[in-house]
Amino acid sequence: MSKSDVDEGKVRVYIMGREYKVPFGLTIMKAMEYAGYRFIRGAGCRGGFCGSCATVYRIEGDYKLRVALACQKTVEDGMYLTQLPFTPANKPVYDVEKLSPSVNVLLEYYPEIAKCVSCNTCTKACPQDLEVMDYVQAALRGDLEEVSRLSFDCIGCGLCAMRCPTSIVPYNVAQLARRLYGKYVMPRAKHVDDRVKEVEEGKFDEEMKNLMEASLDVLKERYTKRDIEK
Amino acid sequence: MELAEKVKNISGENVLSCYQCGLCSGSCPLRFAMDLSPTQVIRLTQLGLIEKILSSNTFWICSTCFSCFARCPREINITKIMEALRQIKLRRDQDYIDLKNVSKEELKKIPPIALISNLRKTTA
Amino acid sequence: MRIPYFPGCAMKTTAKNCEVSAMAVASKLGIEMVELPRWNCCGVFPSLVNDDLMRHVAPIRNLIRVQEMNKSGIVENEYRLVTLCSMCYHTLKEANLFVKDKEKLTKINTFMDREEEYEGGVKVLSFLELLKEVGYEKIAKEVKKPLKGLKVAPYYGCLLLRPREIGIDDPENPTILEKLLEVLGADVVDNPCKVQCCGSYHTVDKKSIVAKLTYDNLRYPIENGAEIIATCCPLCTFNLDSRQKEAKELYRDLKEIPIVYYTQLMAIAFDLEKKFFGLDLDLYYKNPKPLLKAKNLY
């Protein structure tokens, strides 16, 4: 990088092998857009929650393939970038209403979890810093609670599945576990049940109708004057 | 001969010391389900005819019980030879079992330990 | 004695009866088995080829947890790891032998860059070995309800015994289980099939093979008068018990026989609370309760 580039606050990045100079401080996603790419797929909330923009990169002079969410990670000088638009991962069809939270239920739908060799590559690939291997192992012994606890912050980006040498899809396994745990094991939240009942009984129909019919000005006023929980 | 070298290298066993006494086949609890006997497998390995073994089911049927090794008078770890043969297939990405053929009903009941060990031995 | 304990998947699923009884028996004998705070699959089956390092990562990772337990003070200077499952025992012990080759150990340690290095100093024990160490005299003192008149045939299977450098006893004619059963007051029946293969993982996709082996392995002890089989391994137990169904379809003359873990027989002989027998769990094809009731043991 020449002195003038540094003065201009730019860094060098390589997108699919070609060199670009992009402003310092941009996220990977913005840097690629700056360079002229347009994201049609593989981009979503841009806030680090939706999991669509998982990506891999490498820094010049380093052998390690690193992972990140393209909307979160800012570019560094000498970054090799690419885009991973989609993970074509296994996801069997199931009806959660018809399942039971049995010990073998995860193995029944995802028998390939039995192939886990505990290499921990999935954990290293997780941009959310989850202990992915530990929850795959918990899945193997049917511990739905542990899988749910360890995978709670999963955003389903798919990087664990891309990196797994035995083609396990950890994030989909965990999603099934959380669904079953939430539906069949976790204690019901009484206040939520009560509120759902009230909604079904039509307690809020009138208020809802008023809101729907209100003018933009009225809505604005009500919004600014609303109670804010602190 | 290349494959025979590979079997020798990754198993660490030298089959040339086998004198074909047949004790391994007599001791094998799964011999009844194999097309080639363990003794025949060792003979073919000695001759370098690995491809011939690879079309048999013997090394897939071997359940790694080590009975043959426990009794072999030449102390050849035949179980390791069987593993090497499985590995040659698996490293070509040729699985022996297909999970699709195992029914959901079966998966409901099977101990995880059975599935884990099965997939380790029979799928790449 | 506080000793690190590796359960493995079976103890949490199809062998809960083994774990619940073993834990109760151990505590009666003054042994506190402390489950590893974090553990993964043992790595069964160990890969037997020289260059398959990845397959040894799982067991080594578990052995590192024993080092961690010592460092964090959960156990004090106790570098032994006890297992209940024969397959876990075999795999963990085999990995320990595998990494005697320092080059292999270094490679595995380098690969697991988030773990501390494995130093090679953990000793893997089967629960049967631990019981032997505790001593049969001490065990005999706890026997409050001897298994008098209960004709028990021992069954070891393969992985606890072979190969010789891994096995806990003679690979052809082990006696460790017989000795224990005698201490419990049982009538030990000779079982010529005690070191045979149960058919192992073929139970997933080749039930007929396992059914034939189940028939062979049960026929002779039954002929010798056995009323119940005492097992060590969760996979043997599953095959010997649940595959009796398939075996009976192929071999009409098979008499059904209940299969229990030796740890359950210990809990019964120690006259512990019934919940520690693990007999109420929905795990059995042939329910052992009627026989045990007939013998006034339940």
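For the range A:14-66, the set of trypsin sites (Lys or Arg not before Pro) satisfying both a DSSP loop assignment and a count of at most 11 other C-beta atoms within 10 Å is given as A:R38, A:R41, A:K64.
C plus B alone minus the pair: what accessible area, both sides summed, probe 1.4 Å, in Å² to 100? Using a 1.4 Å probe, the pair buries roughly 3600 Å². 3J(HN,Hα) couplings calculated from phi for the range A:172-186 with the Karplus curve 6.51 cos²θ - 1.76 cosθ + 1.60 (θ = phi - 60°) are, in sequence order, 6, 4, 5, 5, 4, 4, 5, 4, 5, 5, x, 7, 10, 10, 4 Hz; Gly and Pro show x.
Here the calculated FRET efficiency for C:A294 and A:N90, from their Cβ-Cβ distance with R0 = 30 Å, stands at 0.05, rounded to the nearest 0.05.
Rounded to the nearest 20, the Cβ-based charge dipole of the range C:2-128 about its Cα centre (Lys and Arg +1, Asp and Glu -1) stands at 280 debye. Per-residue ellipticity at 222 nm computed for chain B from its helices equals -14500 deg cm²/dmol, with DSSP H segments shorter than 4 residues left out and the rest contributing -39,500 (n - 2.57). Exceedance of the 29 Å cut-off in Cα-Cα distance is limited, within the set A:K115/A:K190; C:K104/C:K212; A:K115/B:K6; C:K71/C:K194; B:K108/C:K295, to A:K115/A:K190; C:K104/C:K212; C:K71/C:K194; B:K108/C:K295. By its C-alpha gyration tensor, with a ≥ b ≥ c as the square roots of the eigenvalues, how is the range C:159-215 shaped: rounded for a/c under 1.5, else prolate for a/b larger than b/c, else oblate? Oblate. Largest GNM mean-square fluctuation among B:A70, B:A33, B:A114, using chain B with Cα springs under 10 Å: B:A114. Rounded to the nearest 20, the size of the Cβ-charge dipole of the protein assembly as shown about its Cα centre is 760 debye, with Lys and Arg at +1 and Asp and Glu at -1. Within the shell defined by Cβ-Cβ distances under 14 Å, the residues around A:Y181 carry a net charge of +2, with Lys and Arg each +1 and Asp and Glu each -1. Here is the list for the range C:20-127: trypsin sites (Lys or Arg not before Pro) lying in DSSP coil, each with at most 12 other C-beta atoms within 10 angstrom of its C-beta, are C:K100, C:R114.
Estimated from the Cβ-Cβ distance and a Förster radius of 22 angstrom, the FRET efficiency linking C:Y251 and B:V102 is about 0.35.
Our coupling estimate for the range B:69-79, obtained by passing each phi through the Karplus curve with A = 6.51, B = -1.76, C = 1.60 and θ = phi - 60°, is 5, 4, 10, 4, x, 9, 6, 7, 7, 5, 4 Hz, Gly and Pro reported as x.
Between C:I74, C:I209, C:S86, the Cα set farthest toward the positive side of the dipole of chain C (charges on each charged residue's Cβ, about the Cα centre) is that of C:I209. Rounded to the nearest 20, the Cβ-based charge dipole of chain A about its Cα centre (Lys and Arg +1, Asp and Glu -1) stands at 620 debye.
Each of A:R188 and C:L97 was given a label point 7 Å from its Cα along the Cα-to-Cβ line. The distance between the two points is 5.6 nm.
When only C-alpha pairs under 8 Å and at least 6 residues apart count, what is the relative contact order of the range C:2-128, in percent? Answer for the range C:2-128 is 30 percent. Just check the range C:1-104 against the gyration tensor rule for me: Cα atoms, a ≥ b ≥ c as the square roots of the eigenvalues, rounded for a/c under 1.5, and otherwise prolate or oblate depending on whether a/b exceeds b/c. Since a/c reaches 1.5 but b/c is at least a/b, the shape of the range C:1-104 is classed as oblate. For chain C, the longest principal axis of the C-alpha atoms and the axis of helix C:102-111 are separated by about 80°. Our analysis of chain C gives Rg over Rh at 0.98, with the two radii drawn from alpha carbon positions and Rh computed by the Kirkwood formula.
Calculated [222 nm] ellipticity per residue, helices only, for chain C: -12000 deg cm²/dmol; basis is -39500 (n - 2.57) per DSSP H run with n ≥ 4, divided by all residues, nearest 500. Only helical DSSP H runs with n ≥ 4 go in: add -39500 (n - 2.57) per run for chain A, normalise by residue count and round the 222 nm mean residue ellipticity to 500 deg cm²/dmol. Value at 222 nm, helices only, nearest 500: -9500 deg cm²/dmol. A simple count of charges around C:K293, restricted to other residues whose Cβ falls under 13 Å of its Cβ and scoring Lys, Arg +1 and Asp, Glu -1, yields +2. For the range A:11-21, putting each phi into the Karplus relation 6.51 cos²θ - 1.76 cosθ + 1.60 with θ = phi - 60° gives couplings of 10, 8, 10, 10, 9, 6, x, 9, 7, 9, 10 Hz, in residue order, rounded to whole numbers and with x for Gly and Pro.
Among residues other than B:S103 with Cβ under 15 Å from its Cβ, the summed charge is 0 (Lys and Arg +1, Asp and Glu -1). Annotation for the range A:110-181: chymotrypsin sites (Phe, Trp or Tyr not before Pro) lying in DSSP loop with at most 12 further Cβ atoms inside 10 Å of their Cβ are A:F152. In chain A, a dipole from Cβ-located charges (positive for Lys and Arg, negative for Asp and Glu) runs towards its positive end, and of A:S118, A:N104, A:L144 it is A:S118 whose Cα lies farthest in that direction. Of the residues in the range B:55-83, those shielded by at least 30 Å² of accessible area once partner protein chains are present, compared with the chain alone at a 1.4 Å probe, are B:I61, B:S63, B:T64, B:C65, B:F66, B:F69, B:A70, B:R71, B:K80, B:E83. Against chain B, whose longest principal axis comes from its Cα atoms, helix B:2-11 is set at around 70 degrees.
The values are calculated or read from the model by the stated rules, or taken from the named source; none is laboratory data. Remember, predicted model here, so these are calculated numbers, not experimental data. Note that we place each Cβ from the backbone using ideal geometry, even for glycine, and neighbour counts take in every protein chain shown. Heavy atoms of the whole protein, side chains included, go into the accessibility calculation; ligands, DNA and RNA do not. Shrake-Rupley method; radii C 1.70, N 1.55, O 1.52, S 1.80 Å.
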